[in-house]
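Right, one structure below, let's go through it.
No value in this document is a laboratory result; all are computed from the given coordinates. Just so it is clear, the model here is predicted, and its values are computed rather than measured. Don't worry about glycine lacking a Cβ; one is built from the backbone with ideal geometry, like all the others, and counts go over all protein chains shown.
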Amino acid sequence: MVADSLDFHHVDRDEAQSSLSSSRIDSGARYPVSLHRGDPSRSLPVVEQIAERILSLPLCAELFENELDRIIEEFLQLARP
């Protein structure tokens, strides 16, 4: 399965975090609130939509290839209906 052909739009960030956590994979919402929200004169609806969906996954040089494969596979499971 090619990742480009997968649809993640139906995946809820909180549900994804819960699912990954149950598989002992750390993830995080690094920007849970859009940074521009401190300025009430700015309306950036696309930024707000993206900020609600972004999910950070583990990525560091210390991960072994088998660990990366497991993270990728668990994440790809989220896109499957």
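The residues of segment 37-59 that are under 16 Å from the mean Cα position of the chain (by Cα) and not charged (D, E, K, R), listed by number, are Val47, Gln49, Ile50, Ala51, Ile54, Leu55, Ser56, Leu57, Pro58, Leu59. Just one of the numbered conditions (1) part of a helix (DSSP H, G or I); (2) more than 15 Å from Val11 (Cβ to Cβ) is not true of Leu78: (2). The condition (being farther than 26 Å from Ile71 by Cα, among the basic types (Lys, Arg) and either outside any loop (DSSP other than H, G, I, E, B) or touching a residue at least 12 places away in the same chain (Cβ under 8 Å) (or both)) is satisfied by just one residue among Arg42, Arg37, Arg30: Arg37.
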